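What follows draws every value from the coordinates through simple rules; no lab data is involved. Note that the structure is a prediction, hence the values are computed from the model and not measured. Cβ placement follows ideal geometry from the backbone for every residue including glycine, while neighbour counts extend to all protein chains displayed.
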């Protein structure tokens, strides 16, 4: 009886270990000018996901299937050289080539994250903000008000929104590096709708977390300091800054002085991973 009890205990321990080790899978898109996939995959790995970088061609060919993953992330870069506008060509490719897979992923409620060029792609795809629930483009990200490429560190203040990815995150401190980051919509009524529907997730802020501070704290001139938005479900989220570049202490410009906020960025990615875990 003792031996049988011991074996059962061992089986339970093994089963428990398997459960602990099971991780949500994150597909990080690459190819055609996207260039921040390694950093984004690394951030998700640190946060507890199993990351895999996949070229769009592999998804199109069917060697990689979105349905096998719990998180889909589109990184920054200059897809197709931004030749027809930032993110335009890649958005069209996703819409026309893997539309069915993408719709299935979205319908399942799995997390979709876009960073920088990924934000531009999701907006031009119509996945964000998708106020009309019809996946038509309702906004764009256009040239910075400064008229130049902006490369600096910014503070982001989370808002009360439909997105849960910032639970327990007081602020983010991370870099921006873009020339077309200014969110543009038809009129103030659309901005009012975004805020009324709690789709504004993060705003640019200064060091004291004043989220109405102007340039250079708001690096691109986005109205109402909007830095990132989500859809009505809160599961599709994108922002222009790069939190994947602030998950290690040594990535911060003043880390040698003991100033870094990597725990905030890691909490953000961990929150996404925990949502993805529900779909295992």
Set 246, 161, 233: member being under 30 Å from residue 22 (Cα atoms), within 14 Å of the chain's Cα centre (by Cα) and touching a residue at least 24 places away in the same chain (Cβ under 8 Å): 246
Residues of region 185-216 that turn out to be in contact with a strand residue (DSSP E or B) (Cβ under 6 Å, 6 or more places away or on another chain), in contact (Cβ under 8 Å) with a residue 60 or more places away in the chain and surrounded by fewer than 18 Cβ atoms within 10 Å (Cβ to Cβ), as a count: 0
Listing of strands (runs of 3 or more DSSP E) fully contained in region 170-232 that carry 1 or more residues being within 18 Å of residue 160 (Cα to Cα): 172-178, 200-205, 226-230
So residue 148, is it more than 14 Å from residue 226 (Cα to Cα) and out of contact with any strand residue (DSSP E or B) (no Cβ under 9 Å at 6 or more places or on another chain): yes
Residue check for residue 152: over 26 Å from residue 41 (Cβ atoms) and touching a residue at least 24 places away in the same chain (Cβ under 8 Å): no
Residue 181 vs. criteria under 19 Å from the mean Cα position of the chain (by Cα) and farther than 21 Å from residue 111 by Cβ: yes
Test result for residue 119, part of a helix (DSSP H, G or I), touching a residue at least 24 places away in the same chain (Cβ under 8 Å), buried (at least 19 other Cβ atoms within 10 Å of the Cβ) and touching a strand residue (DSSP E or B) at 6+ places or on another chain (Cβ under 9 Å): yes
Any hit, region 141-151, residues being assigned to a strand (DSSP E or B), over 17 Å from the mean Cα position of the chain (by Cα) and farther than 13 Å from residue 240 by Cα: no
